[in-house]
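The values are calculated or read from the model by the stated rules, or taken from the named source; none is laboratory data. All figures in this text were calculated on a predicted structure; none of them were measured in a lab. All Cβ positions, even for glycine, are placed from backbone atoms using ideal geometry, and neighbour counts span all protein chains on display. Heavy atoms of the whole protein, side chains included, go into the accessibility calculation; ligands, DNA and RNA do not. Shrake-Rupley method; radii C 1.70, N 1.55, O 1.52, S 1.80 Å.
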Amino acid sequence: MLTRSDDLEILLAVADSGGFSAAADALEIQVARVSRAVSKVEKQLGVTILNRTTRRVELTDEGRQFVESVRLGLQQIQQAEDELTLRGELPKGRLRVDAASPFVFHQLVPLIQAFKDTYPDIELELTSNEGFVDLLEKRTDVAIRIGKLTDSTLHARLLGRSPLYIVASPDYVARRGIPYQVQELPTHELIGFTGAKVLNNWPLKGGGQIEPTITSSNGETVRQLALAGNGIACLSGFMVNEDIAAGRLIPLLEPEKLTNTAREQVNAVFYKSSSVARRISVFIDFIQPRLSL
């Protein structure tokens, strides 16, 4: 007897979220439906796929291998169905996109009208989170992430690289002078981040761990603080390219800067078995050549 694909989709959701309740929330179904689907799959196969504990479920060795095969198989089925049933039709339905607020402001918002004109039947839902979000927990279809990826359960597509810049406003430089060596930074006002301390490790030769004198959890706030002359900041090009071109910010320590670091990576990430694969692919295909990283 063949296992139904919807039961397998539920099994994948449990494996990815680590729990029956989390999977039920992500799929917007009852926990009992999730439990029945998983039990049905295990009974038909005669193999224990999940080890249940009071706090979490984990894949058995057999389960891990099975889930990865199912993930690939469902993706291929979805692609085949899309090609057959949606040929010549524009994709439709809701697409939930998440990114840090500066990326939303500076990169996505300017593209939304043109995207909606091209794909009028896709209902975009944009959310902003400063840290990495759990796609299942937040019910997100695709997230834009800056920096190195570590989650192997996600499929990633590199959108490009956004160089980092050490910047300050002309007003700040006029008052405090230009630092020409990394060793001079401690004598300056430095704007950094709270929470993700790795963002306070600037890409500078000889090490760039800074001790900020003012911090924020939001990259756009850091940019605004720098524009207002509050100090020196390290920000991605996708945020400050226009400011530098217009002279609102001045790049500093360019000869001392390291390039091609992991923090320059800009990726679109999503689950490999996503049922909204076509909406995701057209969104990524649309924005990638139009981004100014």
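Give 95, 135 a once-over and let me know the one that is at pLDDT below 85, of a type in the set (A, V, I, L, M, F, W, C) and surrounded by 19 or more Cβ atoms within 10 Å (Cβ to Cβ). Steps first, please.
Values: 95 fails: at pLDDT below 85.
Just a single option satisfies the conditions, and that option is 135.
If a residue counts only when it is among the β-branched types (Val, Ile, Thr), which strands (runs of 3 or more DSSP E) contained entirely in region 149-203 have at least 2 such residues?
On the way: elements: 154-161, 164-168, 191-193.
Fully inside region 149-203 and qualifying: 164-168.
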Q | Of residues in region 147-162 being at pLDDT 85 or above and open to solvent by 50 Å² or more (accessible area, probe 1.4 Å), the one farthest from the chain's Cα centre (by Cα) | A | 161
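Results for (1) in contact with a Leu (Cβ under 6 Å, 6 or more places away or on another chain); (2) aliphatic (A, V, I, L, M), shown as yes or no for each residue.
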{"site": "211", "(1), (2)": "no, no"}
{"site": "219", "(1), (2)": "no, no"}
{"site": "229", "(1), (2)": "no, no"}
{"site": "233", "(1), (2)": "no, yes"}
{"site": "239", "(1), (2)": "no, yes"}
{"site": "247", "(1), (2)": "no, no"}
{"site": "251", "(1), (2)": "no, no"}
{"site": "256", "(1), (2)": "yes, no"}
**Q.** Top-ranked residue of region 21-71 - restricted to ones that are open to solvent by 60 Å² or more (accessible area, probe 1.4 Å) and touching a strand residue (DSSP E or B) at 6+ places or on another chain (Cβ under 8 Å), ranked as nearest to residue 94 (Cα to Cα)
**A.** 58
**Q.** Among residues of region 266-285, those that are at pLDDT 85 or above and not aromatic (Phe, Trp, Tyr), counted
**A.** 10
**Q.** Every pair of residues 6+ apart whose Cβ atoms lie under 7 Å, when the first sits in region 217-228 and is closer than 10 Å to residue 172 by Cβ while the second is among the acidic types (Asp, Glu)
**A.** 227/243
Q: With the condition kept exactly as written, say whether any residue in region 103-120 is touching a Pro at 6+ places or on another chain (Cβ under 8 Å), of a type in the set (A, V, I, L, M) and either modelled with pLDDT of 65 or more or open to solvent by 50 Å² or more (accessible area, probe 1.4 Å) (or both).
A: no
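Quick one: how many residues across region 196-215 are of a type outside the set (S, T, N, Q) and open to solvent by 70 Å² or more (accessible area, probe 1.4 Å)? So that I can check it myself, show each step before the final result.
Here is the first cut: in region 196-215, the residues of a type outside the set (S, T, N, Q) are 196-199, 202-208, 210-212, 214.
Filter again for open to solvent by 70 Å² or more (accessible area, probe 1.4 Å), leaving 197-198, 205-206, 211.
Count: 5.
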